[in-house]
Amino acid sequence: MKSGMNWESDGKRSAEGRGINTGPFQVRTDLAREAHDLALEKRTDGSAIPGVRIEEDEDGGIRVSWIWVESEEGARELGKKPGTYLTLEVPGLRSKDSKLQHRVAARFAEEFSRFLKETGVSDDAKVLVVGLGNWNVTADALGPFVIKHILVTRHLFELMPEQVEEGYRPVSAVSPGVLGITGIETSEIVHGIVEKTQPDLVIAIDSLASRALTRVNTTIQVADSGINPGAGVGNRRKALTKETLGVPVIAVGVPTVVDAVTIVYDTLNLALAYLKREMGKEKTGHPLDPVNLPDLRELEGQEITPELRSRFLGLIGGLSPEEKRQLIHEVLTPLGQNLIVTPKEVDAFVTDIGKVVADGLNCALHEAVTMDNVSSHTGG
């Protein structure tokens, strides 16, 4: 915070007038869906973003959105490269419902097959699947976990092609580790493998960061614009893209972490939504007794008016969402407390959603593999 500034409580002064430095802080998110929502929030006239198309569908608790960034102007507003972005959001995955996981894997396979067709990948294209991340850190182990369950077939096409049945394509897979383990840039390892094995397509799997707690371990994003290993925790390495590898790169990611700014911000909003609901209600006993608590999941995403924010939180409530995030960032960062955080159940979440991603990829890449027989192909 800047010193020597007198804040006003009427909520009408600019961010600079309140003493908030709005310059350096950017909301941490790797998801195009969230970037699109943020860009729309900034367009006060409610107009669409130029050069950006979006298609949405929801069925049985699975929300699917396609975003096409078709112009440089749209790319600047979203902070994303031009390209195609597919997102599956399934909040119910946290319930560990095996039937839902099966439906999500099937839907992911269907949408990923469409993605391959839209990006011009042929049915017999040779594919290299790369599992990015550190297998020693659970929140960063999604890529290596998925690789364990990928059906690899390239060696069969190389050594015994006459025994390979119809419905399969050459697929190879690797977990290259991270710089701290190997001492080699991930991009250098992948580039060497691509140069030697000459695949037609690289699919890179990585853990991402989200700006919303609700999307952690419940969202899958697919993008044809490549990926920066380590970007989810602000540790960007050299990008894996068509320009750096010489072949198209499709990135598949799942957000497994958020930063502390996001947690504090979401908690404030949930608290406001709870207070809004409780206003005017007659209660018996303490308002926080379990018998009086509503289902808090219903509060997520509720719109809170500036007037209500100001009423409950005074000066802080009068801040815009961007200013509030900036304030929290300025408080936490100098203390070294803007941590990257993951849920305590992350090991179970990564296992569940990693299997969903692996099953979906196997079904999409091999015509002969279906959700009915995928377990027999991968052993689990």
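The values are calculated or read from the model by the stated rules, or taken from the named source; none is laboratory data. Here the structure is a predicted model, which is why all the values come from computation and not from measurement. All Cβ positions, even for glycine, are placed from backbone atoms using ideal geometry, and neighbour counts span all protein chains on display.
In the set (1) over 20 Å from Val257 (Cα atoms); (2) modelled with pLDDT of 95 or more; (3) not in a loop (DSSP other than H, G, I, E, B), Glu158 fails one condition alone, (2). Scanning the range 33-54 turns up at least one residue that is loosely packed, with under 14 Cβ neighbours inside 10 Å and at pLDDT 90 or above. The set of residues in the range 44-97 being part of a loop (DSSP other than H, G, I, E, B) and within 26 Å of Thr351 (Cα to Cα) consists of Gly60, Gly61, Val90, Lys96, Asp97. Residues of the range 204-239 that are closer than 22 Å to Lys355 by Cβ, part of a loop (DSSP other than H, G, I, E, B) and either modelled with pLDDT under 85 or aliphatic (A, V, I, L, M) (or both): Val216 alone.
Annotation note: of Ala109, Ala105, Ala125, the sole residue that is of a type in the set (Gly, Ala, Ser), surrounded by fewer than 18 Cβ atoms within 10 Å (Cβ to Cβ), at pLDDT 90 or above and under 23 Å from Leu361 (Cβ atoms) is Ala125. Here Ala260 meets the list (1) farther than 20 Å from Glu111 by Cβ; (2) touching a Ser or Thr at 6+ places or on another chain (Cβ under 6 Å) almost entirely, failing just condition (2).
Within the set Arg13, Arg76, the sole residue that is over 24 Å from Val258 (Cβ atoms), out of contact with any helix residue (DSSP H, G or I) (no Cβ under 8 Å at 6 or more places or on another chain) and modelled with pLDDT of 90 or more turns out to be Arg76. The number of residues in the range 180-190 being closer than 18 Å to Val129 by Cβ and either out of contact with any Lys or Arg (no Cβ under 9 Å at 6 or more places or on another chain) or modelled with pLDDT of 95 or more (or both) comes to 2. Collect the residues in the range 165-203 that are part of a loop (DSSP other than H, G, I, E, B) and either touching a His at 6+ places or on another chain (Cβ under 8 Å) or surrounded by 14 or more Cβ atoms within 10 Å (Cβ to Cβ) (or both), keeping them in residue-number order. Matches in the range 165-203: Gly167, Tyr168, Arg169, Pro170, Ser175, Pro176, Gly177, Val178, Glu185, Pro199, Asp200.
Within the span defined as the range 130-145, one or more residues are in a loop (DSSP other than H, G, I, E, B), in the same structural domain as Ala364 (by TED's automatic domain parsing), of a type in the set (S, T, N, Q) and surrounded by 14 or more Cβ atoms within 10 Å (Cβ to Cβ).
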